[in-house]
Amino acid sequence: MTSYATPRFLDAGEAALTIEFGDSVDAQINARVLALDARLRHAAPQGLIETLPTYRALLVCYEPLILSRERLVEIVGAQLAEPPLPAAAAAQARWRLPCCYEAPCGEDFAEAAASLGLTPARFVELHAGADYRAYMYGFAPGWCYLGGLPTELALPRRATPRTPTPPGAVLIGGGLALVASNPMPTGWYVVGRTPERLFSPQREPPLFIAPGDLLRFEPVDIESFRALEARAAKGERLAVREGA
């Protein structure tokens, strides 16, 4: 893991700038990304269009006719010299998310457990016993990428993508975890499914788990999953925010 003492400024076309803080998936690197994101949102300079945080970098989209690249780098440099906003540090939340590992929810559960040499019970114990960090959303709306997967569950991604995932699929692959809100072909393994809807355009905000938040999966059986799924279909939020 390499954390850059001085972030790298890389052009992404003529109207976007990527600010890299490191070269790996790491909570401290991601915290630096989110701290800068919070500062730019708090005091957005004229001409800034959008910021998009990732595992290790922040993409800043801007209008070059209003905000020059040189001026943007200068503003970012000044903000990086400031301590993180107190509100940003206090915003981190902890969530408990229901997850069903039983068939038909865990479509690839048996295959993944066998590949890792684990019993089903041990697999669930490891997966549900871990603390995950929400690093970013990407690839498709509501696809929440998580770090914190136990090393015992590190499984390479498939050589060939599998058929589309079900809504709310809980996946592992490449040493990471993921919750996929909508169907999509993937090389990851579907080991469970949550009835919660992480992304809903009709809800405000559409995404309630924010990058930097922590979460745990809470195992539920198939009967409980179906009952919770019916409640989620009516708009109820199922995830529990700890301490709320």
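The values are calculated or read from the model by the stated rules, or taken from the named source; none is laboratory data. These figures come from a predicted structure and were not determined experimentally. Please note: Cβ atoms are built from the backbone with ideal geometry, for glycine as well, and neighbour counts cover all protein chains shown.
General observations
- Any chance Pro211 is closer than 21 Å to Asp26 by Cα and either in contact with a Ser or Thr (Cβ under 6 Å, 6 or more places away or on another chain) or buried (at least 19 other Cβ atoms within 10 Å of the Cβ) (or both): yes
- Taken together, the residues in segment 2-12 that are surrounded by 12 or more Cβ atoms within 10 Å (Cβ to Cβ) and of a type in the set (S, T, N, Q) amount to 1.
- Selection of segment 161-196 for residues being within 14 Å of Phe139 (Cα to Cα), part of a loop (DSSP other than H, G, I, E, B) and in contact with a Leu (Cβ under 9 Å, 6 or more places away or on another chain) yields Thr165, Ser181, Trp188.
- Scan of segment 1-12 for residues that are in contact (Cβ under 8 Å) with a residue 40 or more places away in the chain and either in a loop (DSSP other than H, G, I, E, B) or closer than 12 Å to Leu80 by Cα (or both), ordered by number: Pro7, Ala12
- Subset tally (residues that are touching a strand residue (DSSP E or B) at 6+ places or on another chain (Cβ under 8 Å) and either within 19 Å of Ser200 (Cα to Cα) or of a type in the set (S, T, N, Q) (or both)) for segment 226-244: 5
- Taking segment 166-187 as the range and being surrounded by fewer than 24 Cβ atoms within 10 Å (Cβ to Cβ) and farther than 18 Å from Tyr55 by Cα as the test, the residues that pass are Pro166, Pro167, Ser181, Asn182, Pro183, Met184, Pro185, Thr186, Gly187.
- Taking the listed residues Gly192, Gly174, Gly235, the one that is in contact with a His (Cβ under 9 Å, 6 or more places away or on another chain) and assigned by TED's automatic domain parsing to the domain that holds Cys100 is Gly192, with no other qualifying.
- Helices (runs of 4 or more DSSP H) within segment 13-129 that include 1 or more residues in contact (Cβ under 8 Å) with a residue 40 or more places away in the chain, of a type in the set (S, T, N, Q) and exposed (fewer than 14 other Cβ atoms within 10 Å of the Cβ): 109-116
- Of the residues making up segment 163-175, those that are at pLDDT 95 or above and either more than 19 Å from the chain's Cα centre (by Cα) or farther than 19 Å from Ser200 by Cα (or both) number 3.
- Just one of the listed residues (Thr160, Thr151) is within 16 Å of Glu111 (Cβ to Cβ), loosely packed, with under 15 Cβ neighbours inside 10 Å and either in the same structural domain as Ser115 (by TED's automatic domain parsing) or more than 13 Å from the chain's Cα centre (by Cα) (or both), namely Thr160.
- Checklist (1) more than 23 Å from Pro104 (Cβ to Cβ); (2) surrounded by fewer than 22 Cβ atoms within 10 Å (Cβ to Cβ) applied to Ala134, failing item: (2)
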